[in-house]
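Asker: After the structure tokens below, expect a handful of questions from me.
The values are calculated or read from the model by the stated rules, or taken from the named source; none is laboratory data. Keep in mind the model is a prediction, meaning the values are calculated, not measured. Cβ coordinates were reconstructed from backbone atoms using ideal geometry, including for glycine residues, and neighbour counts include every protein chain displayed. The accessibility values were calculated without ligands, DNA or RNA, using every heavy atom of the protein model including side chains. Shrake-Rupley method; radii C 1.70, N 1.55, O 1.52, S 1.80 Å.
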Amino acid sequence: MNKHILITGGAGFIGSHVVRRFVTNYPDYQIVNFDTLTYAGNLENIKDIEKSSNYTFVKGDICDAAAVEKVLHDFQIDTIIHLAAESHVDRSITDPLAFVRTNVLGTATLLNEAKKYWNGNYDGKLFYHVSTDEVYGSLGETGFFYEDTSYDPRSPYSASKAGSDHLVMAFYHTYHMPVVISNCSNNYGPNHFPEKLIPLSINNILNKKALPIYGKGENVRDWLYVIDHASAIDVILHKGKIGDTYNVGGHNEWTNIDLIKLLCKLMDEKLGNAAGISEQLISFVKDRAGHDLRYAIDATKLKDELGWVPSVTFEEGLSKTIDWYLENKDWLEQVTSGNYVNYYKSLYGA
Ligand code: NAD
Ligand code: DAU
């Protein structure tokens, strides 16, 4: 069946992989990428598919109701995959209101405009909200996040994402809008902005700069290759139950320090360095405020009900990721130099 899909945040890290997957795998679907191009949005991420006949980019802000209304009408959108967000926890600690604006107000605006545009005719419609495991809070040394784990967000980022999840469910219960939510663990892979742990460390190893590890490096994250997240989104969009939530993760827990040591080892091998060279860059720094100790997703429901499993092991995914960064040093240079932000300003005027 033909679909007209609006993907918000499609120039970002995960969004670009979702856009590529849908444009490539579903030539009958019209894919509209709606993104305001913040520092994290980069059209280079999807340069390979930008000329596809089933793809259009529209620069716009999800908080701008008129712009959202226009794009829904112009492209007769029946499906929304909502990824646009402020996504970096450390930035949310220094500027919480930016996160409330985009993640809460932006999601509310998108929901409200979809409700107005669909006007109660929900046949063939879907609002798919992409969220995070951080809404569940922080685990101790054991246990997992399940779909029915109570929300307990502890950073401005996770609180703003929890707020957006609640709004999505409110539109389901109150207006019967067809919605689905997925809550995913930490992603890694190509096109990850080098402010997050893995790409920051790759970039710093390449530039022989210190690798900042917060606290003692004992915090645990559950890592999933971004292409596997995109495949989970595909499966949930097509087979997920309306009004349900699905946890997405790869049962792949690492303490930050063990992860960075593995990364250093792989980087040394690939760069032809003497063993142990990159590890010398590790530097323990002041801990993140309110730093969640451990995240771990139980993705059994997604496996048992929809048949989704990750396609790569962590070692394979990390190796592919490093290779991508080594082959795309220009990309790293561009996004760290700010040149691309100036380029978009010259293209779009703002
Ligand atoms: P990202 O920061 O790389 O990209 C966000 C994108 O949204 C950018 O292209 C940016 O330009 C765009 N954007 C920001 N504000 C906007 C606005 N007001 N209007 C339109 N576009 C706007 O983020 P990401 O890491 O790709 O995350 C995508 C989504 O997935 C987010 O909702 C995030 O909460 C969620 N998520 C991320 C992870 C992860 O590990 N990165 C894990 C689980 C869930
Ligand atoms: O769990 C899903 C979430 O994962 C997503 O919702 C977020 O959008 C995404 O940014 C990510 O959040 P984290 O805070 O877990 O990711 P980050 O890469 O910022 O940090 C990973 C871990 O590494 C965390 O314990 C903090 C630590 N860290 C991070 C940075 C940037 C360091 O020790 N040093 C660093 O320099």
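Asker: Just to confirm the number: angle between the C-alpha axis of helix 226-239 and the first principal axis of the chain, 0 to 90 degrees, nearest 10?
Answerer: So the inclination is approximately 20 degrees.
Asker: Enumerate the amide H contacts of LYS3 below 5 Å, restricted to partners 5 or more residues apart or on another chain; note that Pro and chain-start residues carry no placed amide H.
Answerer: Close amide H contacts, sequence-distant or interchain: TYR29, GLN30.
Asker: Name the trypsin sites (Lys or Arg not before Pro) in the stretch 275-305 that are in a loop by DSSP and that have at most 15 other C-beta atoms within 10 Å, would you?
Answerer: Numbers: sites: LYS286, ARG288, ARG294, LYS301, LYS303; in loops: LYS286, ARG288.
Sparse-neighbourhood loop trypsin sites (Lys or Arg not before Pro): LYS286, ARG288.
Asker: Given points 7 Å out from each Cα along the Cα-Cβ axis, report the SER150 to LEU271 separation in nanometres with one decimal.
Answerer: 4.6
Asker: Determine the alpha carbon to alpha carbon distance for each of LYS239/LYS261; LYS161/LYS270; LYS208/LYS320; LYS216/LYS329 and list only those over 28 Å. Intermediate values should be presented prior to the final figure.
Answerer: On the way: LYS239/LYS261 39 Å; LYS161/LYS270 37 Å; LYS208/LYS320 21 Å; LYS216/LYS329 30 Å.
The pairs that break the limit, which is 28 Å between Cα atoms, are LYS239/LYS261; LYS161/LYS270; LYS216/LYS329.
Asker: Describe numerically, in nm with one decimal, the distance between label points set 7 Å from Cα along Cα→Cβ at LEU262 and at HIS291.
Answerer: Inter-label distance under the simple model: 1.9 nm.
Asker: Could you work out how much longer the chain between HIS73 and ASP95 gets when fully extended? Use 0.36 nm per residue separation minus the Cα distance between them, nm to one decimal. Before the final figure, lay out the partial values.
Answerer: Working: separation 22, 0.36 × 22 = 7.92 nm, distance 3.33 nm.
Computed gain between HIS73 and ASP95 is 4.6 nm.
Asker: To continue, here is another question. How fast does the chain diffuse by Stokes-Einstein, in µm²/s, taking the Kirkwood radius from C-alpha pairs at 4 °C and 1.567 mPa s?
Answerer: Diffusion coefficient, whole number: 63 µm²/s.
Asker: Same structure again: Using +1 at the C-beta of Lys and Arg and -1 at the C-beta of Asp and Glu, which of TYR136, SER150, ALA85 has the Cα lying farthest in the positive direction of the dipole of the stretch 1-150?
Answerer: Of the listed residues, the answer is ALA85.
Asker: State the percentage of accessible surface on the stretch 179-324 attributable to carbon and sulfur atoms; use a 1.4 Å probe and exclude ligands, DNA and RNA.
Answerer: Working: 2990 of 5760 Å².
Carbon with sulfur: 52 percent of the solvent-accessible area.
Asker: Before I look further, what does the chain give for accessible area per residue, probe 1.4 Å, in whole square angstrom? Don't skip to the answer; put the middle values down first.
Answerer: On the way: 14970 Å² over 350 residues.
Value returned for the chain: 43 Å² of accessible area per residue.
Asker: Still on this structure, I have one more. TYR39 to PHE284: FRET efficiency via 1/(1 + (r/R0)^6), r the Cβ-Cβ distance, R0 30 Å, to the nearest 0.05?
Answerer: Working: r = 27 Å, r/R0 = 0.91.
After rounding, the FRET efficiency stands at 0.65.
Asker: Of all DSSP beta bridges in the chain, what percent run antiparallel (nearest 5)? Before the final figure, lay out each step's value.
Answerer: Details: 4 of 41 bridges.
Given both bridge residues lie in the chain, the antiparallel proportion sits at roughly 10 percent.
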